[in-house]
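These notes are about the structure you will find just below.
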Amino acid sequence: MADEPRRIDDGWEAIVYDLDGTLVDLAVDWDEVATAVVKTFAERDVDTSGTLWDLLERASEVDLRERVEEIIAEYERGGAHRSVRLALAEQVVAEDRPVAVCSLNCEEACRIALEEHGLTEHVDAVIGRDSVAKPKPDPEPLVAAARALGVPLGRTVFVGDTDRDAITAERAGTGFLYVRDLD
């Protein structure tokens, strides 16, 4: 069928998927999230330049990490409940290899989205932004996902939709596939 994504090569022992833009589309207005975070920084008269993820990284330096995490996670949880399942989610259901999710979204939002779309029982491990000390593109979340699956990094493939995902895979020493290449 034309709607089914191309199957991932059987040479990989485990598959780790990004969540948003890969398995589901979270219903999050990221501009609105960024505006809320910028407002929080501005209230403290702190530099508000950069992307949302730049601000998240800097939040610890200005004692705003907890508040910024709360803001982003609130939007993500709501967006997870209203998310749309993407075609690649069908492969997760059919997969017989160990499967994990490694996301820049908070772990709770990942779990909500997986539950909303009947994927929870098909995913062996979930690593969100807040599951580890450093988020993607640091390799730590992907390393943690492979470790949770018990599969060596070199035998694991990470499937994602962004250059950040590709960089994460390169830094972790896993394979990488763009979702667009599986369509």
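Here are a few things to note about the model shown:
- The length gained by stretching the chain between Glu90 and Ile167 to full extension, at 0.36 nm per residue less their Cα-Cα distance, is 25.2 nm.
- Residues in the range 46-60 carry Karplus couplings, in order, of 10, 3, 10, 6, x, 7, 3, 6, 5, 5, 4, 4, 7, 4, 5 Hz; the curve used is 6.51 cos²θ - 1.76 cosθ + 1.60 with θ = phi - 60°, and Gly or Pro positions show x.
- P(r) of the range 30-80 over all Cα-Cα pairs, binned every 5 Å from zero, in whole percent: 5, 23, 38, 23, 8, 3, 0
- Each of Tyr75, Tyr178, Tyr17 was scored by other Cβ atoms within 10 Å of its Cβ. Listed from fewest to most, they are Tyr178, Tyr75, Tyr17.
- Per-peptide average of other Cβ atoms within 10 Å, ordering 52-63, 91-102, 19-30 highest first: 19-30, 91-102, 52-63
- Estimated inter-spin distance, Glu121 and Tyr178, nm [label 7 Å along Cα→Cβ]: 3.6
- Computed from backbone phi, the HN-Hα couplings of the range 27-37 come to 7, 10, 8, 5, 5, 5, 4, 4, 4, 5, 5 Hz, rounded to whole numbers (Karplus: 6.51 cos²θ - 1.76 cosθ + 1.60, θ = phi - 60°; Gly and Pro given as x).
- Under 5 Å, built H, 5+ apart or other chain: amide partners of Val24: Leu86
- Once the Cα-Cα distance is subtracted from the 0.36 nm per residue extended length, the His81 to Asp54 segment shows a gain of 7.1 nm.
- Placed amide H near Val126: partners under 5 Å, 5+ positions off or other chain: Val101
- Which labelled figure in (i) 21.1, 71; (ii) 16.4, 55; (iii) 15.6, 48 is Rg and Dmax of the Cα atoms in Å, once derived from the coordinates: (ii)
- Here the Karplus relation 6.51 cos²θ - 1.76 cosθ + 1.60, evaluated at θ = phi - 60°, turns the backbone of the range 129-138 into coupling constants of 3, 9, 7, 9, 5, 10, x, 4, x, 4 Hz, with x for every Gly and Pro.
- Dipole moment magnitude, nearest 20 debye, the chain about Cα centre, only Lys, Arg, Asp, Glu C-beta charged: 360
- Label point distance in nm, Arg97-Arg147, each placed 7 Å from Cα along Cα→Cβ: 2.2
- For Val62 and Arg7, the difference between the fully extended length at 0.36 nm per residue and the C-alpha to C-alpha distance is 15.3 nm.
No value in this document is a laboratory result; all are computed from the given coordinates. Please read all numbers here as calculations on a predicted model, not as lab measurements. When we count neighbours, we look across all protein chains shown, and the Cβ atoms used for this are built from the backbone with ideal geometry, even at glycine.
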